[in-house]
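Data block below; observations after.
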Amino acid sequence: MQNSELSSSCFHCGLPVPDDARFEVVINEKTRPMCCPGCEAVAKAIVDSGNSRFYDMREDKQATAIPLIPEFLQQTAVYDHPDIQKSFVNHNGEVSEASLILEGISCAACIWLNEQHIAQLPGVLSVNINYSNHRATVRWDNDSIKLSEILQAIAAIGYQAHPYSPERQQEVFEAERRTQLKRLGIAGLFGMQVMMIAIALYAGDFSGMELEYESFLNKVSWLLATPIVFYSAVPLFRSAWRDLSQFSVGMDVPVALGITIAYSASIYAIIKGEGYVYFDSVAMFVFLLLGSRYFELIARKKGVEAAEKLMQMQPATATRIVDSEHQVIPVVELNQNDTIMVKAGETLPADGYIVEGGSSVDESLLTGEFDPVTKVVGDKVIAGSVNVESPLIVCVSNVGTETIMAGILRLLDNAQNDKPPITLLADRAARYFVFGVLIIAAAVAMYWSNAAPDFWLPITLSVLVVSCPCALSLATPAAISAASTHLLQIGLLVTRGRAIEALAAADLFAFDKTGTLTKGKPVVDRVENLSSENETQLLQLAAALERYSEHPIAKAIQQNVSMGKIDLTEVVNIPGQGVHAVWQGNQVAIGSRKFIKDLFALDVDDQGANGTEVLLADKSRLLARFTLRDVVRSGAQALLNDLTDKQVDIALLTGDNAASAQKIADELKISKLFTEMSPEDKLKQLQAFQQQGRRVVMVGDGINDAPVLAGADVSIAMGNASELLHLGSDMVLLNENLQSLNRGVKISTKTLKIIRQNITWAIGYNLVALPLAVSGNLSPWMAALGMSLSSLLVVANALRLSPQKTHKLG
Amino acid sequence: MEIIYLLIPLSILILIGIVWVLMWAVRSGQFDDMEGPAYRVLQDDDGIIKTNKPEDKPGHTETKDS
């Protein structure tokens with residue numbers, strides 16, 4: 001009765017419950033349907049350990065558990081091995097402590113659940129999970145429980161734990177972040193005290209204060225400001241010194257100068273016994289500057305962290321086959337040319353090619369494309385993809401840092417450091433700007449020391465500090481960084497950062513046809529029975545013949561044909577042309593028109609306009625004609641529509657014949673059509689466009705169109721992950737999905753807009769703030785505040801380009 | 001107003017204490033997770049959490065199969 005009123009979806013994971021399923025779990029006194037033993041097991045585990053509150057708290061449906069099959073248990077057993085534990089477990093007598101990354105977390109309730117569940121395991125002393133990076137720190141008693149048991153417990157509630165051994169870079173970053181935080185904290189704490197005393201001094205200045213107290217307070221300010229200058233401000237001084245020693249000026253020079261002047265002048269005032277002290281300004285400068293730098297560091301690193309997580313999700317173990325024996329070994333011990341077995345559901349531990357078995361793999365980690373890709377013997381597979389269907393035996397070609405994924409991350413890193421022309425311009429502008437500021441500051445100092453000698457110091461300080469060009473130098477890198485990460489998440493790999501800008505500014509998109517706008521996989525459009533034979537039998541005959549051909553057309557013909565009992569002998573496959581064989585005593589053949597004509601001297605009128613033709617014939621007559629067409633990719637129309645809306649022109653450059661190309665052009669409403677072009681012709685056409693002043697984006701099949709791609713302003717290659725590292729193009733469409741390209745163009749446009757916004761703000765702010773400071777209207781603390789807020793604003797604006805949190809990369 | 005000759009050094013001593021606490025906090029990772037505590041407050045566990053004594057556990061976990 002309860003099943004009819006409740007919608008038939010699993011209470012745990014949300015998937016539909018099959019009609020004959022009878023899985024239920026009582027949760028919080030209500031019976032809830034489950035879709036499979038996996039969800040039932042997980043739900044039961046959660047309820048039995050007293051954590052059913054989880055279902056009240058969660059925001060999302062959950063993954064099911066991995067069944068605890070013997071192989072999985074064996075794999076987790078590897079984690080107990082002392083050599084493996086060396087890299088991520090700390091031992092302290094009987095107490096061990098390890099860091100694990102948890103996979104499958106989708107909301108805060110998941111973290112709560114994991115903490116509760118792990119903490120209740122006997123032998124676990126403490127567990128703490130970080131909500132931002134999903135890292136768990138577990139302490140346990142070696143004698144009571146093993147690490148593998150902890151991992152199994154996590155799997156039992158549907159999550160996966162990986163050992164966390166941070167890359168050296170990550171460790172360095174963490175240490176750096178902590179030091180920065182300490183400096184910031186000191187600057188803040190001592191700064192507050194200095195400000196307090198400064199208020200007293202301001203009040204004394206206003207209504208009179210006895211000299212001895214004023215002197216005392218001044219000296220106390222000096223004492224409190226000293227740690228700020230000599231500890232917290234050290235990075236500022238270092239960077240300024242680095243610039244000056246190379247005879248150039250950088251962002252930190254004015255600020256370092258300001259701090260030095262303020263501090264020294266104040267000491268001088270104390271010694272002389274008269275004049276004001278400016279330690280409050282010093283404190284504000286340092287605190288605000290360090291504060292904004294700290295947040296920038298965190299923000300920038302968030303983008304890199306997403307990519308880091310990709311690397312961490314690698315399996316730690318692999319099953320190596322040596323002399324028919326399966327060994328479970330740590331991944332670090334894998335070598336090239338090892339043979340490994342990857343079961344269904346497992347993640348590929350290394351790059352390689354399939355030697356036995358056929359399956360489909362989920363390459364979404366890399367391409368963002370969730371549809372599994374079919375792989376057969378000889379196909380390349382990449383580390384990080386998940387084997388979906390059936391076991392594969394793979395020969396390893398690359399491991400560790402040589403894998404394609406490691407290469408992608410390196411490319412991503414390079415792209416983010418690549419400075420597009422606009423950034424280089426901004427950098428140079430910033431340098432001249434700083435130089436100008438120093439000169440203005442000197443002039444201001446001289447002027448005001450005559451006009452209002454009491455105020456020359458604070459005014460000069462304000463001038464030095466308010467006009468920080470940090471916004472200029474930060475504007476573009478922050479935006480490119482966020483945009484690159486976002487683009488990778490939707491499957492568009494950017495190898496040159498400048499391409500993002502160029503993509504947004506382009507006004508002509510040139511496409512290749514086959515394999516770019518079309519899927520490159522022909523489909524049978526029409527079958528004509530030219531004889532009096534049974535059509536079904538003809539289809540089966542055709543399919544049987546085509547089994548022996550590797551051509552894509554052969555695959556198309558075999559589709560949707562159920563295999564009949566066709567016995568063929570003396571089969572000969574002529575690659576690229578056709579197949580002939582003997583059937584029931586007759587010679588039969590299937591192939592291109594030229595092939596059949598040459599073989600049997602049979603022909604039929606040309607209807608090439610409808611697509612590629614394949615003829616089936618026997619020695620005496622034609623039996624059937626298959627007409628195939630290439631299918632346009634699903635995202636193509638939408639992409640072209642959106643481009644046209646943007647006033648971007650579209651051109652189709654193809655080597656195909658005029659008739660079939662025209663069909664596609666008509667279907668997609670492309671007016672500029674160039675057919676029967678060789679690669680050289682295409683390149684010439686591109687250059688002709690460029691001479692007209694157009695900025696051209698070329699989208700093509702990376703391998704064949706390489707020279708053409710190189711000639712475009714932006715080259716985008718349709719790549720599949722295995723070959724992408726050989727493609728020299730600016731961007732690679734990893735999942736070959738034109739919808740991703742469409743989104744990519746939109747993101748690039750937004751990036752350009754945001755970069756322009758940032759630079760406009762940076763310039764505008766300086767134009768307003770400088771005059772204010774020069775004319776004496778800004779006190780130093782206001783100047784410092786303005787400068788910091790300006791930088792933060794720019795970074796925050798750039799972060800609008802970041803990817804949204806998703807379960808894969810978030 | 002001579003009292004400030006006492007009060008200010010006293011406050012400096014307190015400040016040094018606070019600074020020491022700050023250094024300890026950063027070193028021991030108190031600032032590493034800025035989002036977690038927000039959720040923990042809402043989770044309202046009434047202090048059940050972790051004990052390792054068998055008699056305190058409401059059910060039994062079935063992970064100790066091997």
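The values are calculated or read from the model by the stated rules, or taken from the named source; none is laboratory data. All of these numbers come straight from a predicted model, not from anything done at the bench. No Cβ is skipped: glycine too gets one built from the backbone with ideal geometry, and neighbour counts run over all protein chains shown.
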Before we move on, is A:LEU488 under 15 Å from A:VAL699 (Cα atoms) and under 27 Å from the mean Cα position of the chain (by Cα)? no
May I ask you to say which residue of A:PHE190, A:PHE237, A:PHE216 is of a type in the set (Phe, Trp, Tyr) and away from every other protein chain (no Cβ under 13 Å)? A:PHE237
Just the residues that are closer than 24 Å to B:ASP33 by Cα and facing chain B (nearest Cβ under 9 Å), please, taken from the stretch A:138-149. none
Using the structure shown, decide if A:VAL282 is within 16 Å of A:THR460 (Cα to Cα) and part of a helix (DSSP H, G or I). yes
From the set of residues in the stretch A:768-789 that are closer than 17 Å to A:ALA452 by Cα and among the polar types (S, T, N, Q), which is modelled with the lowest pLDDT? A:SER779
Kindly indicate which of A:ASN766, A:ASN777, A:ASN742, A:ASN735 is closer than 17 Å to A:THR495 by Cα and not acidic (Asp, Glu). A:ASN735
If you go through the stretch A:762-783 one residue at a time, how many are part of a loop (DSSP other than H, G, I, E, B) and buried (at least 21 other Cβ atoms within 10 Å of the Cβ)? 1
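This table checks each residue for (1) of a type in the set (Asp, Glu); (2) in contact with a Phe, Trp or Tyr (Cβ under 9 Å, 6 or more places away or on another chain); (3) buried (at least 24 other Cβ atoms within 10 Å of the Cβ).
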| residue | (1), (2), (3) |
| --- | --- |
| A:PRO453 | no, no, no |
| A:LEU461 | no, yes, yes |
| A:LEU488 | no, no, yes |
| A:ALA502 | no, no, no |
Among what's in the stretch A:207-242 and is assigned to a helix (DSSP H, G or I) and among the charged types (D, E, K, R), pick the residue that is surrounded by the most Cβ atoms within 10 Å (Cβ to Cβ). A:GLU214
Looking at this structure, is A:LEU493 in contact (Cβ under 8 Å) with a residue 24 or more places away in the chain, of a type in the set (A, V, I, L, M, F, W, C), crowded, with 22+ Cβ neighbours inside 10 Å and not in a helix (DSSP H, G or I)? yes
Suppose we filter A:ASP525, A:ASP507, A:ASP512 for residues that are in contact (Cβ under 8 Å) with a residue 60 or more places away in the chain, surrounded by fewer than 24 Cβ atoms within 10 Å (Cβ to Cβ) and touching a Leu at 6+ places or on another chain (Cβ under 8 Å); which single one remains? A:ASP525
Here are A:SER248, A:SER266, A:SER221: which of them is within 14 Å of chain B (Cβ to nearest Cβ) and either in contact (Cβ under 8 Å) with a residue 12 or more places away in the chain or out of contact with any strand residue (DSSP E or B) (no Cβ under 7 Å at 6 or more places or on another chain) (or both)? A:SER221
Lone qualifier among A:ILE759, A:ILE716, A:ILE747 - being assigned to a helix (DSSP H, G or I) and modelled with pLDDT under 90: A:ILE759
Can you confirm whether A:ALA198 is away from chain B (no Cβ under 11 Å), touching a residue at least 60 places away in the same chain (Cβ under 8 Å) and within 30 Å of A:GLY275 (Cβ to Cβ)? yes
